[in-house]
Ligand code: ADP
């Protein structure tokens, strides 16, 4: 297996993060400056306008809506509103019968300007206007801008009135200048702080990545004892745990691979040694002795067969595992398939086996690759034969489990120890060390079965009692009918 690492990109994550942080900080400052330089005056005027509008509307409502409100109370409220908002109000009856202004209430005396002329102008403009409310801004004699609102208000309860509101628009230039110099100091401080924070944060964020990349390089060099450490972020933690899992799997697969190699070479060497020794024996000793020669040639043939089975199984397993051949997904009769296997094994009855086949009356339609499933059944029956000792009873039977059908192969043989039950499905695992060599197969049969069943998404398993026997099973979904 080769693990390749891409070259580091031209820009590291850290410098990229740093750049992003700095650009973000600079954009914020630019926005602040734009607000200060260009928009402060407009913003101030807009908020003053809103303030005047709100005040006008509350005075109109106060005047026109409430029957019980006395002029004294109204005038008092007017004064308070004027004081609170720094606005000069004048309320005068349309017919000129009364008039009062916010300074009359003694609560507002700060506006010291020629209001009469401004009110006069507003009165003329409002009367000339088709609208009930007008507003405009104009400089007073001292050159300061004054915002003027004039409104005509009718009421069910009292005389119609004109309401005027005058408010200074203070020049905000000097204030803006002070704020600007403050902003300069703040900007420098914020920028320096942003760079420091960006530096520290980007270093912290990039560190686990750098550590992980170093660990991954070790993994690539074949060191499986690596530890990918997480960080304070979920994404990094998830990556670290995924890499740790992969490293663990690589480690166990590497161990398995080495194990497999050791087993394969051992199992190939044994028959090869036998073949060589018996061939030498024929050459040196039994060449002229027909009986001995045939006996020795028999051993050579047997060992050659064993080698052929082993090599065949290794090839078969790698074929099934790699997914190189397509599995068929046809509907076939599992009962018929199992029966055919049973027929081929009936021959063992000559060795004293009682091999029984118990199936439902009707067909058992399932979907999959019939040839492969037959291979599984054959393997299970062959093992049942191989691992039966004196009680040579084998039973192939079916159990219905809801929508699934379970096929079981039961024997009364040597059984399997509990701690071996899981392992026997692994490559090269043999539960019984006791069994005679002639009984042994390649040790790959169940791994091939397990791969085939996994590819059929079929559940499978075994229950076994040492000394009493085992039942191997697998189950598949049943289809409604055969095609
Ligand atoms: P083998 O070629 O050794 O039979 P398998 O993969 O078919 O390889 O089986 C793996 C191991 O599982 C066997 O070596 C044996 O120890 C155990 N085993 C399989 N089938 C049975 C059985 N019916 N009874 C007892 N042990 C079994």
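Roughly what angle does helix 445-455 make with the longest principal axis of the chain, taking Cα atoms, 0 to 90 degrees, to the nearest 10?
30
Between the stretch 238-265 and the stretch 341-358, how many Å separate their Cα centres?
If you average the Cα positions of each part, the centres end up 41 Å apart.
Treat the count of other C-beta atoms within 10 Å as a stand-in for reagent exposure and order 94, 457 from fewest to most.
Listed from fewest to most nearby Cβ atoms, that is 457, 94.
With each run of n ≥ 4 DSSP H residues scored as -39500 (n - 2.57), what mean residue ellipticity at 222 nm is computed for the chain after dividing by its residue count and rounding to the nearest 500 deg cm²/dmol?
Values: 10 runs with 246 residues, N = 483.
Calculated from helices alone, the mean residue ellipticity at 222 nm is -18000 deg cm²/dmol.
To the nearest 10 degrees, how steeply does helix 115-128 sit against the main Cα axis of the chain, on a 0 to 90 scale?
Roughly 70 degrees between the two axes.
What ranking of 185, 462 emerges when the number of other C-beta atoms within 10 Å of each C-beta is taken as an exposure proxy, fewest first? Let's see the in-between values first.
Working: 185 9, 462 21.
Fewest to most other Cβ atoms nearby, the residues stand as 185, 462.
Within the stretch 63-80, find all residues whose amide N lies under 14 Å from a label point positioned 7 Å from the Cα of residue 93 along Cα-to-beta-carbon.
Backbone N within reach: 71-72.
How would you classify the stretch 353-397 from its alpha-carbon gyration tensor, with a ≥ b ≥ c the square roots of the eigenvalues: rounded for a/c under 1.5, else prolate if a/b is greater than b/c, otherwise oblate?
The shape class here is oblate.
Kirkwood-based Rg over Rh for the stretch 303-432 (C-alpha set), two decimals?
Result for the stretch 303-432 is an Rg/Rh of 0.97.
Which semi-axes, in whole Å and largest first, does the equivalent ellipsoid of the stretch 157-234 have when worked out from the alpha carbon gyration tensor as the square roots of 5 times its eigenvalues?
Working through the eigenvalues yields semi-axes of 64, 22, 6 Å.
Report the FRET efficiency, 1/(1 + (r/R0)^6), for residue 68 and residue 47, where r is their Cβ-Cβ distance and R0 is 45 Å, rounded to 0.05.
Approximately 0.85, to the nearest 0.05.
Would you please calculate the Kirkwood hydrodynamic radius of the stretch 72-227 over all C-alpha pairs and express it in Å, rounded to one decimal?
Value: 21.2 Å, from the Cα pair sum.
Could you tell me the calculated FRET efficiency between residue 83 and residue 131, based on Cβ-Cβ distance and R0 = 30 angstrom, to the nearest 0.05? Can you show the working numbers first?
Numbers: r = 29 Å, r/R0 = 0.95.
Step by step, r from the Cβ atoms, then E = 0.55.
Rule-based calculations on the coordinates, nothing more; no lab input. Here the structure is a predicted model, which is why all the values come from computation and not from measurement. Cβ coordinates were reconstructed from backbone atoms using ideal geometry, including for glycine residues, and neighbour counts include every protein chain displayed.
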